[in-house]
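Notes to accompany the following structure.
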Amino acid sequence: MIRSLRDRLLAKPTWVVLLWAWAVSRVVTALVVQATAMWVQEPAGVHSSHPGYLDMVPIWDGTWYREVVAHGYPLPLPLDAFSGQVTFSAWAFYPGFPLLVRLLTAVGIPFTGAALVVNLAAGAAAVLLMWHVLQDGATTVLARRMALLATMLWCLYPATAVLQVAYTEALAVVLLLAFFFLLLRRRYLWASVAVLALGFTRAVAPPVGLVVALHLFLRWRREGRAFLPGQRVSAAVLLVSTAVSAVAWPLMVGVATGRMSAFFEVQAAWGQRPDKGPFVAWLTWAWDHMGVAGVLLLIGIVASYLSLVLGRHGRWLAPEVRAWAVVYPLYLLAVVRPITSMWRFLILDFPLAAIVVSMTVRGADGGHVLDTWPRRLGLVTLALLLGVVVWTVTLLTYTPWADSPP
């Protein structure tokens, strides 16, 4: 029966299979969220005596996005009543997602429904783009099939519930994948549009800039003196757009509030202080918990991950995609302190799904295809489903003044 269902699905166009996978994963995730709301969620955390799925949509950061949609960003810049210093406020949250949601609420759709529509549509577009990006340059049937499997597995990333609540991950990942799709096809002007939009959604311009630099360097190595024929202007626009993407929102916050450092002061009020030095927060955290063993364990985990990406399991991916798989997690370790939100931040590390599929299908050495790969893939899927339950129950739920954020 299972083999017959698989054969019928594979006989359909790939985009149909992917949308089916996305839809099924959303139903499964919605059931997990609903069960969590009913049996685990503290009523006071969602202001409902009988919490359900819809009560979980505007949870945590969702309350801030709802505030932005309803009332905009606060002016004057909120200050602490006792110290006079900048305190936490909605200015820390990028405007791309609430702007799209506001367009829907303007025609009468409630915030919760509008947030769901935006994120479910963005996620569906993301899986279609991801399949194209992961298989870009694939020369074998195996690589194309692994791209398909990786995209489907990504739908079950443990923090996948964040793609259907009022958070920015779904919008950020579709813009990121649109950027990769356009970059790999050398459509630099359209890629500039994608990266500028991404700059108003998430602070990921620095690793994106490194990917652009690598892409242009690889073209220079291949083309030599005929570098970028007819595309030098558009490539320059892309470089400038990436730089603008990194500073656009902080500058707008500074201009709007009359305090040019306002964005970074608000971020600091939320606890984000990258000025202490790259990687320092994580190394300090590892040392405080386990001493030398903790530092060595952290370094070992990072080294093992890099060896997988740069070794056989990542070799079938486009160089730009592999570069993202390297620079994005390192960027997070460099600028983000050790917080539970790292789990959802890593949902943008989409090549990780491709690495997992390669290890599942081809074994640890990345050699030949294993006869037992369907069974191994089934076990990986079950493990991911368990991860979805654990993440949703432990992190998505909210108990006032006594919880860790998703």
Sketch the reach of a paramagnetic label on ALA23 as a point 7 Å from Cα along Cα-to-Cβ, and name the residues of region 143-179 whose backbone nitrogen lies under 17 Å away. 152, 155
Using modelled backbone amide H atoms (1.01 Å from N, in-plane), which distant-in-sequence or interchain residues come within less than 5 Å of LEU79's amide H? THR87
Given 0.36 nm per residue, what is the gain on full extension from ALA364 to ARG376 after removing their alpha carbon distance, in nm? 3.1 nm
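Given the rule -39500 (n - 2.57) for each run of at least 4 DSSP H residues, summed and divided by the residues of the chain, what is its mean residue ellipticity at 222 nm, to the nearest 500 deg cm²/dmol? If you can, show how the numbers build up before the last one.
Values: 19 runs with 265 residues, N = 406.
Mean residue ellipticity at 222 nm (helix-derived): -21000 deg cm²/dmol.
Regarding the chain, what whole-number volume in Å³ per residue does the convex hull of its Cα atoms give? Intermediate values should be presented prior to the final figure.
On the way: hull volume 72.3 nm³, N = 406.
Dividing the Cα hull volume of the chain by its residues yields 178 Å³.
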Whole-Hz couplings from phi, Karplus 6.51/-1.76/1.60, listed for region 282-289; x for Gly and Pro: 6, 5, 5, 4, 5, 5, 5, 8
Which value in nm describes the separation of the simple spin-label points at ALA248 and VAL16, placed 7 Å from the Cα toward the beta carbon? 3.8
Could you give me the ³J(HN,Hα) list for region 171-181, computed from phi with Karplus coefficients 6.51, -1.76, 1.60 and θ = phi - 60°, whole Hz, x at Gly and Pro? 5, 5, 6, 6, 5, 4, 5, 4, 4, 5, 4
How do 348-358, 295-305, 37-47 rank on mean C-beta neighbours within 10 Å, highest first? 348-358, 37-47, 295-305
LEU346 and ARG232 label points (each 7 Å along its Cα→Cβ direction) are spaced in nm at 4.4
Would you kindly derive the ³J(HN,Hα) couplings of region 127-140 from the backbone phi angles with the Karplus curve 6.51 cos²θ - 1.76 cosθ + 1.60 (θ = phi - 60°), listing them in order in whole Hz, with x for Gly and Pro? 5, 5, 5, 4, 4, 5, 5, 5, 9, 4, x, 5, 10, 10
How much of the calculated P(r) for region 280-406 lies past 24 Å, in percent of all Cα pairs? 42
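Please give the net charge around VAL117, taking every other residue with its beta carbon less than 13 angstrom from that of VAL117, where Lys and Arg add +1 and Asp and Glu add -1.
+2
Since every read-out is calculated from the coordinates, none of them should be taken as a lab result. Quick caveat, the model's predicted, so the values are computed rather than measured. Cβ sites come from the backbone with ideal geometry, for glycine too, and all protein chains shown count toward neighbours.
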